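The values are calculated or read from the model by the stated rules, or taken from the named source; none is laboratory data. Remember, predicted model here, so these are calculated numbers, not experimental data. Cβ placement follows ideal geometry from the backbone for every residue including glycine, while neighbour counts extend to all protein chains displayed.
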Amino acid sequence: MTKELNKNQDPLKEFYKGSVADTRERIGFIKNKDIALLVIDMQYLDAAEGYGVFQDITSSGVPYEAQQYYFNSLKGHVIPNIQKLQNIFRDLELEVIHTRIQALTKNGRDRSNGHKRLSILAPPGSKEAEFLPEIAPVGDEIVINKTSSGVFASTNMNYVLTNIGINELYVVGVYTNECVETTVRDACDLGYLVTVIDDGCTTVNPKLHEATITTLKDRYAKIMTTEEAIKEIKTYCS
């Protein structure tokens, strides 16, 4: 007799968890320092009140309450946690890589059709293209400019990571359910191990964040808190 399907159970959970989240390779990559912190789109375009897509509170398309949640989560825990992670990566001389949305041209003619439809534009040298100062690149940290949701689709990110010997990414930034999720899935498909920092990401709705984390967890990435990630890195990489 066939057992009734448990609608709350993922039948492939353990298989994926052992192959993606808890694979033995993870610790080896950390010990070898083959890891990088990837900070996604922490810029004025989409992470600062009064700028970019949030310049006009009434025309942004995001309800006021959702904007309040988003910016409160950024200020309350996401930005402070990204700072903590940047500090530990820099202290241990590990790669910190930044992505941002920025066109090649002032009028954005090189943008993806998706960004054109959404009227998303951060021209070179614009305020929208600037990183938030408290978590901006330091020294010669790598900056990758993109005009798509996921960084791998419209840049040479895979080529760069290969050149500098990175096999595992710790991912933070915005939005959890858009640019972060797309990047994580693409990275996983390309063979990278990925760790998503739950309290280092956010979006405009807590349910969207939670749903994305649930979907990615142990299937496309290992999910950790900032403190868990710092403890792990200090344990194996110091």
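Quick look at the numbers
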item: Tabulated pairs, the range 103-124, first among the hydroxyl-bearing types (Ser, Thr, Tyr), second not in a helix (DSSP H, G or I), C-beta under 6 angstrom, 6+ apart or interchain; result: SER112/THR147; SER112/SER148
item: Enumeration of residues in the range 216-238 that are assigned to a helix (DSSP H, G or I), of a type in the set (D, E, K, R) and in contact (Cβ under 8 Å) with a residue 40 or more places away in the chain; result: GLU232, LYS234
item: Flag for ALA36 being among the aliphatic types (A, V, I, L, M) and within 23 Å of TYR170 (Cβ to Cβ); result: yes
item: Search result, residues across the range 144-194 that are closer than 21 Å to ARG109 by Cα, surrounded by fewer than 21 Cβ atoms within 10 Å (Cβ to Cβ) and β-branched (Val, Ile, Thr); result: ILE144, THR155
item: Selection count where residues are modelled with pLDDT of 95 or more, on the phi > 0 side of the Ramachandran plot and not basic (Lys, Arg), scope the range 3-50; result: 1
item: Test set (1) without any contact (Cβ under 8 Å) to a residue 40 or more places away in the chain; (2) of a type outside the set (Lys, Arg); (3) farther than 17 Å from TYR170 by Cβ; (4) part of a helix (DSSP H, G or I) - PRO80 fails condition number; result: (3)
item: Subset of the range 119-136 [touching a helix residue (DSSP H, G or I) at 6+ places or on another chain (Cβ under 9 Å) and either over 18 Å from GLY50 (Cα atoms) or among the acidic types (Asp, Glu) (or both)]; result: GLU128, GLU130, GLU134, ILE135
item: For GLY52: the one exception among (1) loosely packed, with under 13 Cβ neighbours inside 10 Å; (2) over 29 Å from ASP189 (Cα atoms); (3) more than 17 Å from the chain's Cα centre (by Cα); (4) not β-branched (Val, Ile, Thr); result: (1)
item: Residue tally, condition of a type in the set (Ser, Thr, Tyr) and in a loop (DSSP other than H, G, I, E, B), over the range 34-52; result: 1
item: Selection status of CYS188, within 14 Å of the chain's Cα centre (by Cα), outside any strand (DSSP E or B), under 25 Å from PHE54 (Cβ atoms) and modelled with pLDDT of 95 or more; result: no
item: VAL151, sole failed condition from (1) over 21 Å from ARG117 (Cβ atoms); (2) among the β-branched types (Val, Ile, Thr); (3) under 13 Å from the mean Cα position of the chain (by Cα); result: (1)
